[in-house]
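Take a look at the structure below.
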Amino acid sequence: MVRYAEPGVAEWVESGGGPLIAVPEAVLPFWTGADGEETASDYDRACEVDGSVGLLPVGDSTALVLGDEPASTAFLPDHGTFVRWCAGNSEDELLASVPVALHAAEWEPEISWDVPGAVLLFDAAWPGDDSTSAEHVRVVLEPGRYAVRAAQVQPGPETWVGLVQLRRLAHR
């Protein structure tokens, strides 16, 4: 994890050039990253996700792929949102723009994600077993179904952010 400011402000994850993935902790051993033995590795499957977000089966669960571009990403629990640093002069400026960006966002269509609990966000090239020794962020989520929506927003003249917002859906 990368820190750009004071500890505790935001923990950022970067990738080596490919997508980031949020894998439920319960199924981490089933994510093989770029080390898969089949013709298409799990990393290859993640790279095939078209657009800002997508879902991939992992074990008996599903992982969330943050596609589109390999931007540094943090999770802001107060907003239930992954924030992707596309352009900005400083972390403070970028984080201060998030409320405006959330309000101004033109959201892509929502997808529905069933989550068994906490997830780890890391570079999709890493195997799940190695993710805790690699750069990662643990995101505590209540088990359940979430609506996931994404947007690209320019909240300031030199600030661009990608947003991936999670909203817990009511039990049925």
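Out of all the residues in the stretch 102-115, which are surrounded by 19 or more Cβ atoms within 10 Å (Cβ to Cβ) and in contact with a Gly (Cβ under 9 Å, 6 or more places away or on another chain)?
Listed by number, the list holds a single entry, 115.
Taking the residues in the stretch 59-75 that are of a type outside the set (Gly, Ala, Ser) and touching a strand residue (DSSP E or B) at 6+ places or on another chain (Cβ under 6 Å) as candidates, determine which candidate is surrounded by the fewest Cβ atoms within 10 Å (Cβ to Cβ).
Once the filter is applied, the top-ranked residue is 62.
Given the criterion hydroxyl-bearing (Ser, Thr, Tyr) and buried (at least 19 other Cβ atoms within 10 Å of the Cβ), identify the matching residue among 97, 90.
One residue alone meets the criteria, 97.
Any residue in the stretch 22-44 that is of a type in the set (A, V, I, L, M, F, W, C), in contact with a strand residue (DSSP E or B) (Cβ under 7 Å, 6 or more places away or on another chain) and within 20 Å of residue 105 (Cβ to Cβ)?
yes
Would you pick out the residues in the stretch 126-172 that are assigned to a loop (DSSP other than H, G, I, E, B) and basic (Lys, Arg)?
172, the sole residue that qualifies.
Determine, yes or no, whether residue 150 is of a type in the set (Gly, Ala, Ser), under 14 Å from the mean Cα position of the chain (by Cα) and closer than 15 Å to residue 13 by Cβ.
no
Every residue in the stretch 78-101 that is in contact (Cβ under 8 Å) with a residue 12 or more places away in the chain and either among the acidic types (Asp, Glu) or within 15 Å of residue 147 (Cα to Cα) (or both), please.
79, 80, 81, 82, 91, 92, 93
Would you point out which residue out of 50, 44 is assigned to a loop (DSSP other than H, G, I, E, B) and either surrounded by fewer than 21 Cβ atoms within 10 Å (Cβ to Cβ) or over 15 Å from the mean Cα position of the chain (by Cα) (or both)?
Going through 50, 44 in turn, just one is assigned to a loop (DSSP other than H, G, I, E, B) and either surrounded by fewer than 21 Cβ atoms within 10 Å (Cβ to Cβ) or over 15 Å from the mean Cα position of the chain (by Cα) (or both): 50.
Computed from the coordinates by the stated procedures, all read-outs in this text should not be read as laboratory data. Remember, predicted model here, so these are calculated numbers, not experimental data. No Cβ is skipped: glycine too gets one built from the backbone with ideal geometry, and neighbour counts run over all protein chains shown.
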